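Only one structure is covered here, and it is reproduced in the block below.
The values are calculated or read from the model by the stated rules, or taken from the named source; none is laboratory data. Everything numeric here is computed off the predicted structure, so don't read it as measured data. Cβ sites come from the backbone with ideal geometry, for glycine too, and all protein chains shown count toward neighbours.
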Amino acid sequence: MSDPIRHISFDLDGTLINSFAIMQEAWEAATEKLRINCGFAEYRRYVGLPFPRILELLGLSNFEMELNELYFAHTRRLYDRIDQIDGASGLLDWCREQGFGTSIITSKPRANSELIIERIGFSVDALVCGDDLTRGKPDPMAARIVCEQTGATPAEMLYVGDMIFDFQFALNAGMRFVMLAPDGGAPLPRNLLNHVDRIGTLAAVRDHVG
């Protein structure tokens, strides 16, 4: 029998916040300035992985320093245009009222994440960001940090994300997982044998914790 869920952890981009339009604007501005031919659709396929790993997969590691500075500086300038996903604040409030621990685990830099979280008003027990880690998703390092900070165990945790890398991360960490997939969500690999629970709205997370 599974341990009862005591802690609910969330991805940030595409799960708690609507940020892809800002990410696209920042990516296109950065690549245009550097005269790099790589569209946002290619970049978006890997969102959720650490930024250096995304650039490696795109063959852009030689531009890592310049892209890191241009891209994240641009998104910081536009942070006040980022809104929460419908129901995000309400779900976090409900988690607190019901006694669940909460956390956000994101590949975003801490400076960007804290600006957004503070402006929107999210309140969680732990925040782990990409630059807090030497090994990002799907490595389970971030989950171990949350466990150390909150006293939860992976078997007691549910992770909510929107990408296949979020699922791989939860699987590697030993957490349960549910994918936020409005309109079907991100496609999953055809050879994936594991069942992935999908929900269309954040409010449906409540059904997964009883």
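What the table shows:
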read-out	value
Single residue of S61, S19, S103, S9 found to be in contact with an Asp or Glu (Cβ under 8 Å, 6 or more places away or on another chain) and at pLDDT 95 or above	S103
Residue that is nearest to I22 (Cα to Cα) [pool: residues in segment 83-140 that are surrounded by fewer than 18 Cβ atoms within 10 Å (Cβ to Cβ) and hydroxyl-bearing (S, T, Y)]	S89
Candidate set from segment 131-145 (those that are touching a helix residue (DSSP H, G or I) at 6+ places or on another chain (Cβ under 6 Å) and of a type in the set (D, E, K, R)); member that is nearest to H7 (Cα to Cα)	K137
Index of the failed condition, R77 passing every other in (1) over 21 Å from I105 (Cα atoms); (2) modelled with pLDDT of 95 or more	(2)
Tally of residues being in a helix (DSSP H, G or I) and touching a Phe, Trp or Tyr at 6+ places or on another chain (Cβ under 6 Å) across segment 29-65	5
Filter result for the condition that a residue is modelled with pLDDT of 95 or more, of a type in the set (V, I, T), under 19 Å from P52 (Cβ atoms) and not assigned by TED's automatic domain parsing to the domain that holds L70, over V128, V160	V128
Filtered residue count, segment 95-146, keeping only those that are farther than 23 Å from H208 by Cβ, among the hydroxyl-bearing types (S, T, Y) and in a loop (DSSP other than H, G, I, E, B)	2
All positions within segment 40-57 that are more than 20 Å from D132 (Cα to Cα) and crowded, with 20+ Cβ neighbours inside 10 Å	Y43
Condition check for G151: surrounded by fewer than 20 Cβ atoms within 10 Å (Cβ to Cβ) and not assigned by TED's automatic domain parsing to the domain that holds E25	yes
Residues located in segment 28-39, provided they are in contact with a Ser or Thr (Cβ under 9 Å, 6 or more places away or on another chain) and either within 30 Å of L91 (Cα to Cα) or exposed (fewer than 15 other Cβ atoms within 10 Å of the Cβ) (or both)	N37, G39
Residue in segment 1-27 that is surrounded by the most Cβ atoms within 10 Å (Cβ to Cβ), counting only those that are charged (D, E, K, R) and in a loop (DSSP other than H, G, I, E, B)	D11
S2 vs. criteria among the small types (G, A, S), modelled with pLDDT under 95 and not assigned by TED's automatic domain parsing to the domain that holds M163	yes
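Here's the yes/no breakdown for (1) at pLDDT below 80; (2) surrounded by 14 or more Cβ atoms within 10 Å (Cβ to Cβ); (3) not acidic (D, E):
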position: Q168; (1), (2), (3): no, yes, yes
position: L171; (1), (2), (3): no, yes, yes
position: M175; (1), (2), (3): no, yes, yes
position: P182; (1), (2), (3): no, yes, yes
position: G185; (1), (2), (3): yes, yes, yes
position: P189; (1), (2), (3): yes, no, yes
position: I199; (1), (2), (3): no, yes, yes
position: H208; (1), (2), (3): no, yes, yes
